[in-house]
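In what follows, a single structure is set out as structure tokens and then discussed.
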Amino acid sequence: MSRFTEFRFKAATTFQRHIGNPVTRRLPFHTLLETTGRTSGLPRVTPLGGRRIGNEFWLVSEFGEKSQYVRNIKSNPRVRVRVGGRWHKGTAHLLPNDDPIARLRTLPKVNSTGVRTLGTNLLTVRVDLDG
């Protein structure tokens, strides 16, 4: 990873961890992903963007397998997603063979623009929602 890419990753994740995520987690209708911490076993809630299509929820991780929630999914794929103020249980799947740029075109534009701009290693994630 180049020094600039590493700097961009650290700057973005520091901002998200300390400012962006604590604020957006409190918004009642913001989309949230809850994973289980791979070490602690505690629930970890991450605000993100994506779209529900039928019984699937699609998102693109801007930092791929470096994202903490992706690392948690690799350890335990059972997750919950809050969409439109309602929680849904499901199983997350990492899709490294999916085209994340094409996928972003199908997702909400504001979030997709941020992911494309800040992202260093895009990775598509699909959550198969229960029921």
Practice problem: Considering only residues that are under 19 Å from residue 111 (Cα atoms) and free of Cβ contacts under 8 Å to residues at least 40 places away in the same chain, look in region 68-93 and name the one that is least open to solvent (accessible area, probe 1.4 Å). | Solution: 69
Exercise. For region 101-109, indicate whether the set of residues that are more than 15 Å from residue 50 (Cα to Cα) and over 13 Å from the mean Cα position of the chain (by Cα) is non-empty.
Key: no
Quiz item: What are the residue pairs meeting all of these: first residue in region 107-131, first residue touching a residue at least 24 places away in the same chain (Cβ under 8 Å) and within 16 Å of residue 71 (Cα to Cα), second residue among the charged types (D, E, K, R) and crowded, with 19+ Cβ neighbours inside 10 Å, Cβ atoms under 7 Å, and 6 or more apart or on different chains?
Solution: 122/62; 124/103
Quiz item: Pick from 102, 11: which is at pLDDT 95 or above and either open to solvent by 40 Å² or more (accessible area, probe 1.4 Å) or among the aliphatic types (A, V, I, L, M) (or both)?
Solution: 102
Practice problem: Looking at (1) assigned to a helix (DSSP H, G or I); (2) open to solvent by 90 Å² or more (accessible area, probe 1.4 Å); (3) at pLDDT below 95, find the lone condition where residue 1 falls short. | Solution: (1)
Quiz prompt | Enumeration of residues in region 110-131 that are open to solvent by less than 30 Å² (accessible area, probe 1.4 Å) and more than 14 Å from the chain's Cα centre (by Cα) | solution = 129
Quiz item: Can you tell me which residues in region 75-106 are under 30 Å from residue 3 (Cα atoms) and among the aliphatic types (A, V, I, L, M)?
Solution: 94, 95, 101, 102, 104
Quiz prompt | Those residues of region 45-67 which are modelled with pLDDT of 95 or more and open to solvent by 70 Å² or more (accessible area, probe 1.4 Å), in sequence order | solution = 51, 52, 53, 55
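The values are calculated or read from the model by the stated rules, or taken from the named source; none is laboratory data. All values derive from a computational prediction rather than experimental measurement. We place every Cβ from the backbone using ideal geometry, glycine too, and count neighbours over all the protein chains shown. Quick note on the areas: whole protein, heavy atoms, side chains included, nothing else; ligands and nucleic acids left out. Shrake-Rupley method; radii C 1.70, N 1.55, O 1.52, S 1.80 Å.
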